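A short worksheet on the structure shown next.
The values are calculated or read from the model by the stated rules, or taken from the named source; none is laboratory data. All values reported here derive from a predicted model rather than from experimental measurement. Counting neighbours? That spans all protein chains shown, and the Cβs are built from the backbone with ideal geometry, glycine included.
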Amino acid sequence: MADTVLYEVGDGLATITINRPEAMNAMDVATKVALRDALRDAGEDTAVRAVLLTATGDRAFCVGQDLKEHTALLAQDRDSGTTATMSTVREHYNPITHAITTMPKPVVAGVNGVAAGAGMGFALASDYRIVADTASFNTSFTGVALTADSGLSWTLPRMIGQGRAADLLLFPRTVKAQEAYELGLVNRLVPAADLAREAAAVARALAAGPTVAYAAVKESLAFACEHSLDEALAKEDELQTRAGSSEDHTIAVEAFLAKRKPQYLGR
């Protein structure tokens, strides 16, 4: 794995850190590959029960595509008469977003600075966003004559409505942390100095929680976005049966009756 993405696992928590602070954590090809592979590893590792996605430095969470590399690659495309550069959506951005949204464990985004373009997409694809009060969001795409990727066409209107999503995508602007919180893009807003501690604490709490139940919550929310009430109720029945059959449910009920804190196993 490239050193532009750091990967650490401990006590059920995988911490994935985008590590290009000198480039505001922009996505060059090596970083995209490393981030994709780290997320896939975390999703498949049964020892991992939650993921914290964050970044190095205090300027940026991720500003999206590395435009310096992108410009050079587009020049190669023009010379060869191809559109190979844009395959990055299919090869990198889509798999990254898919890994975040579909892994059966919660993903916390610790947003330490600017989240723009794909960086905003990664944050919104996560299940829970803890954001520094100095951070900001920007869709960015149409500002460089591109359209949304990294799931923003799916996540953004579901969070803030079709009209506001269209406004932010058609007219990109900096949305500061407080406004992002008021719009509903942020779950928890914290002082910048407290972000690392707060994000890690939330992620560790989720890593110690009932993993099967959390996976069911993710699945049910995604399912309900695209289905009728009757279908959503049927899905709730299916998922509740699954959660109710878990070891953690038995542990939780026994702990409740004994008036003690449950110690979950994640299964």
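Close Cβ contacts (under 7 Å, 6 or more residues apart or on different chains) running from residues in region 58-81 that are of a type in the set (S, T, N, Q) to residues that are in a helix (DSSP H, G or I) comprise Q65/A118.
Going by the structure shown, is E247 more than 23 Å from A99 (Cβ to Cβ), of a type in the set (D, E, K, R) and in the same structural domain as T15 (by TED's automatic domain parsing)? No; evaluated as a whole, the condition is false for this residue.
When we screen A125, A84 for residues that are on the phi < 0 side of the Ramachandran plot, surrounded by 16 or more Cβ atoms within 10 Å (Cβ to Cβ) and among the small types (G, A, S), the only hit is A125. Screening Q178 on (1) outside any helix (DSSP H, G or I); (2) more than 16 Å from I16 (Cα to Cα); (3) not charged (D, E, K, R) shows it passes everything except condition (1). If only residues of region 103-135 that are hydroxyl-bearing (S, T, Y) and out of contact with any Asp or Glu (no Cβ under 9 Å at 6 or more places or on another chain) are counted, the one that is nearest to L35 (Cα to Cα) is S126. So is A196 under 18 Å from T101 (Cβ atoms), touching a residue at least 12 places away in the same chain (Cβ under 8 Å) and in contact with a Ser or Thr (Cβ under 8 Å, 6 or more places away or on another chain) or not? In short, no. Summed over region 37-63, the residues that are surrounded by fewer than 24 Cβ atoms within 10 Å (Cβ to Cβ), part of a loop (DSSP other than H, G, I, E, B) and not hydroxyl-bearing (S, T, Y) give a count of 6. Filtering P104, P95 for residues that are surrounded by fewer than 24 Cβ atoms within 10 Å (Cβ to Cβ), within 18 Å of the chain's Cα centre (by Cα) and part of a loop (DSSP other than H, G, I, E, B) leaves a single hit, P104. Counting residues in region 192-199 that are touching a strand residue (DSSP E or B) at 6+ places or on another chain (Cβ under 8 Å), outside any helix (DSSP H, G or I) and farther than 28 Å from D45 by Cα gives zero. Criterion applied to R173, R164, R188 was being basic (K, R) and within 19 Å of the chain's Cα centre (by Cα), and the one residue passing it is R188.
How many of the residues in region 154-177 are surrounded by 14 or more Cβ atoms within 10 Å (Cβ to Cβ) and of a type in the set (S, T, N, Q)? Final tally of qualifying residues: 1.
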